[in-house]
Amino acid sequence: METVILAVVIAVVVLGVLGGLVVGSRRKKSLPPPPPTAPDITAPPAEPHVGDEAETPRDEPRRTIEEVDLPDGGPTGTAVEEPPVLEVPELEIPEPTEGRLVRLRARLSRSQNALGKGLLTLLSREHLDEDTWEEIEDTLLTADVGVQPTQELVERLRERVRVLGTRTPEELRSLLREELLKLVGTEVDRTVKTEPAERKPGIVMVVGVNGTGKTTTTGKLARVLVADGRTVVLGAADTFRAAAADQLQTWGERVGAHTVRGPEAGDPASVAFDAVKEGKEMGVDVVLIDTAGRLHTKTGLMDELGKVKRVVEKHAPLDEVLLVLDATTGQNGLVQARVFAEVVNITGIVLTKLDGTAKGGIVIAVQRELGVPVKLIGLGEGADDLAPFEPEAFVDALIGD
């Protein structure tokens, strides 16, 4: 009996051991992990790699070109930044020069009453005694006519009044007009020489002391020439004043004139030379050279001005050398004019600021002093207030209507 029980126990133990071995072997053989599930968020397409083009294409909805909305720059489109557009200054059309002085006559006559109307008042007196003639002389001298021209005018007036006898206001005005025209000069050629017969371009150099409005006058002269149908190159040879080249270039851009300039404090003769050279290459009609303002008492600066002239004349002779004088300086301007004329051979005079406190007699005095004519006069700050000098219109403005 005991033997049977022992056998049963052994059999149970053996079966339990065999069952444990089977279960353990099955646990060691684990199943492969399940495939990963796709994420809920769709990732953006990755950059293509080598061999990607061989993949089987996926079916995706495609749109035709007609269905594609191109960006229009609206709130939903991508703004495309356009390159900045350079603004080209609009060219101005200068006023015609013909009759410009006549149009400005009223402005001139308002500032010249002391001369013209003062003389008419004195000549209209019933008795012209010595005291009256002395007053007439003083009036002429005060108006900057100059000593020699004043003496000549008084002598002629004395003679004609003596012959005329009784004088009406109309006769006196006519008499005074004739005598003033003789002093101013009606037979003189006042044309600004810009059209040499055998070559191009005409070369004009503008000189003067500091503060006379020389650069502005050069710019206004460019407008005068453009108004007359000429093409112009500007030479900014005033390299000592920082703003001079910029100022001249602005004047040129307004009327389409090219400006040649150099480095600040550079050699002005070099700039003048290059301006004429470029003017030749471009085939323009006129080259205007603006020089640095200088005191007539500075010998070194005056010598330098002579150098500019000599360098320019390596291309061709100068056709005009215009001296710019401030009319308000009166007789002091004559001293300046004298020195400039010795250095660069002045051929014409530009009187600026003649509409202000200037005395009209300076026109007569400066012509007599230099022996060259006044060719242009400035009558204001406007761009077209530089006018060719017309003796008849000028004298009419002096004596009034």
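The values are calculated or read from the model by the stated rules, or taken from the named source; none is laboratory data. Since the structure is predicted, the reported quantities are computational estimates derived from the model, not experimental observations. Here Cβ is always computed from backbone atoms with ideal geometry, including for glycine, and neighbour counts include all displayed protein chains. What goes into the accessible areas is simple: the full protein's heavy atoms, side chains included, and nothing from ligands, DNA or RNA. Shrake-Rupley method; radii C 1.70, N 1.55, O 1.52, S 1.80 Å.
Its residue count N fixes a reference of 2.2 N^0.38 Å for the stretch 300-396, and the Cα radius of gyration divided by that reference is 1.14. Note on exposure: E95, E390 ranked by accessible area (1.4 Å probe, complete protein assembly) read E95, E390, with the most exposed listed first.
Of the whole protein surface, L181 contributes about 20 Å² of accessible area at a 1.4 Å probe radius.
Packing order of peptides 210-217, 380-387, highest average first: 210-217, 380-387 (average count of other Cβ atoms within 10 Å over each peptide's residues).
For the stretch 257-401, a crude dipole built from +1 on the beta carbon of Lys and Arg and -1 on the beta carbon of Asp and Glu, taken about the Cα centre, is about 660 debye to the nearest 20. The packing ranking, built from the mean of other Cβ atoms within 10 Å per residue, places the peptides 344-351, 232-239, 184-191 in the order 232-239, 344-351, 184-191, highest first.
Mean projected area of the Cα convex hull of the stretch 146-275, taken over all directions, amounts to 12.2 nm².
Database remark: amide H of T259 closer than 5 angstrom to the amide H of L234 (H placed geometrically; neighbours at sequence offset of 5 or more, or on other chains; Pro and chain starts carry no H).
Distance from the C-alpha centroid of the stretch 381-401 to that of the stretch 220-262: 24 Å, rounded to the whole angstrom. For I289, nonlocal amide neighbours, meaning residues 5 or more places apart or on other chains whose placed amide H falls under 5 Å from its own, are V204, M205, V206, G235. Modelled this way, with points 7 Å down the Cα-to-C-beta line, the labels at K314 and R125 are 6.3 nm from one another.
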